[in-house]
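Trainee: I am attaching a structure below and will ask some questions about it afterwards.
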Amino acid sequence: MGKLEGQLGSTGIGVEHQQSNSLSKFKLCSCENSRNGVGTEGLTSRSYQRTPRRRTLKPAHTRGSRLHLSSGRVHRLLPLEPKISMTPAVVILVLALSTGTLALDNGLMRTPPMGWLAWERFRCDIDCDHDPKNCISENLFMDMADRLAEDGWRELGYVYVNIDDCWSSMERDANGRLQADPKRFPNGIPHLARYVHDRGLKLGIYGDFGTHTCGGYPGTTLDKIQTDAQTFADWGIDMLKLDGCYSNATEQEKGYPLMSQALNATGRPIGYSCSWPAYQGGLPPKVNYTQLGEICNLWRNYGDIQDSWSSVLNIADWFFTNQDILQPAAGPGRWNDPDMLVIGDFGLSFDQSQTQMALWAIMAAPLFMSNDLRSIDARSRTILQNKGLIYINQDPLGIQGRRLIKEQSGVEVFWRPLSNDASALVFFSRREDMPYRYQTSLKKLNYTAGVYQAYDVYQEKLLPAFKDSTDFVVSINPSGVVMWFVVPTKQMMGDGKLFGGDRLAKPTHL
Ligand code: GLA
């Protein structure tokens, strides 16, 4: 068999951007550039072991969002997660009968959550007088909800519309409840929740366990946890990101589990995103990933993403450097969160945008875009709406992928096992010169002996069948990727369909 070549159009140019380096708040950045190391970091698919889980499995119909595709089209089943109506008494009973831990048993987010989050792109812009289109206001979230619902995002799984910091009034109300800024959210959050729900979407909100949010708005102290959880439930909130500014490690150890319990006790399924590990350095012994998996649906492990390639690279490096710790923590209902997608903003080239999407899919990361969906360019949209990428990200096994190899050449190979013996491979080049022709074989990447087919996810092309021992060459652009979806040929022939059905666009040239 001859050589295979996955050729990417070499359109992107690596662009240097200044990094504001505002990760410093977290003081986590080891910032080590590991391009010189060589070695196989992965496990073979045969030796791959998942850690045992203690979470109770929900009946299939209560599990999280899944893509259902037929005839090459994507259909989204809505509502994605039925509302489980549980009285507080039932919740307490369930908690008592469970493992004795503070289990978050909401059945949500069985695949990584997807949607839109305001922070990276719109920050704490509250100047609605001078910047009405971009300020943090109900109009911004309604605009984004409209775009998600009307521009094909919702059907692909992007269903969360998430408010971040700076939404609230500086004061709680007379009953001690949080309230939205009356000028910027004149109709209140319940109205916004209805607006979002009416479009088949979900509304997320931001809180902070501490005296203040990072932006200086009222925080949630221990005595306010129940009130705030109930307020969010009453408003029709579907997800809470609980930040950790202005609290210490001892307080956080109490606060994050208590909020989990309080959310459960409301009886409303509310996805729970915990920033706790990011405030504790992201690594054991300070961070207990077993516990996090029991109380949170997702968690920020590391510092804030910025709109730059150096920030994306820094985050990816940290996650893959620490993959032995982080990778087993992830699974259905519990995800590591490397932070938002900045594709469609200002800092990434086309190739770098493809790289962020590919590495986030390998990591089984939540896909929260932080961009302006009203004016996003066509090429960024194509990356974010790539069905193959989303299919890989949303694989129901929910196994986080790993970096397999760091070559001296600056090429790195990443791998994620998927359901039905499929897998995803990403070939990434850190080089800054020209497209690099990287030669390898599936055998060298620890694949079992056999015949395989590979689908180039960005090129949307199926490559001819090849053996594990066949050497192939992929041409990888500087700071770009080639991404493959790989399936044993036997299996593809078996059911006469590609990739276990029609979940990917059907190649025309088998
Ligand atoms: C922290 C979080 C960010 C964002 C800001 C808001 O920095 O990590 O994601 O929520 O606070 O102030």
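Trainee: Structure shown: which of Lys286/Lys443; Lys406/Lys467; Lys286/Lys444; Lys183/Lys224; Lys254/Lys406 lie over 32 Å apart, alpha-carbon to alpha-carbon?
Mentor: Lys286/Lys443; Lys286/Lys444; Lys254/Lys406
Trainee: On to the next question. Can you order the peptides 180-188, 261-269 by their average number of other Cβ atoms within 10 Å per residue, highest first?
Mentor: Highest to lowest by the protection proxy: 261-269, 180-188.
Trainee: Please express the shape of the stretch 401-503 as an equivalent ellipsoid: the semi-axes are the square roots of 5 times the eigenvalues of the C-alpha gyration tensor, given largest first in whole angstrom.
Mentor: 24, 14, 12
Trainee: Search the structure for amide H atoms under 5 Å from the amide H of Trp335, placed 1.01 Å from N in the peptide plane, and list their residues when 5 or more places away or on another chain.
Mentor: Result for Trp335 returns Leu298, Trp299.
Trainee: I've got another one for you. Given Lys133/Lys202; Lys133/Lys387; Lys461/Lys490, which pairs have Cα atoms separated by over 25 Å?
Mentor: The answer is Lys133/Lys387.
Trainee: Using mean Cβ contacts within 10 Å as the protection proxy, how do 444-450, 229-235 order, highest first?
Mentor: 229-235, 444-450
Trainee: In addition: Going by amide H atoms built from the backbone, whose H comes under 5 Å of the H on Leu397, apart from near neighbours?
Mentor: Amide H neighbours of Leu397, under 5 Å, 5+ apart: Ser419.
Trainee: I need the phi-derived Karplus couplings for the stretch 171-186: 6.51 cos²θ - 1.76 cosθ + 1.60, θ = phi - 60°, integer Hz, Gly and Pro marked x.
Mentor: 10, 6, 7, 4, 8, x, 8, 4, 9, 6, 4, x, 7, 8, 10, x
Trainee: Give me the net charge of Gly219's neighbourhood, meaning all other residues with Cβ under 12 Å from the Cβ of Gly219; Lys, Arg count +1, Asp, Glu -1.
Mentor: -4
Just so you know, all these numbers are worked out from the coordinates, no wet-lab data involved. Predicted model, so just to flag it, every value in this text is computed and none were measured. We place every Cβ from the backbone using ideal geometry, glycine too, and count neighbours over all the protein chains shown.
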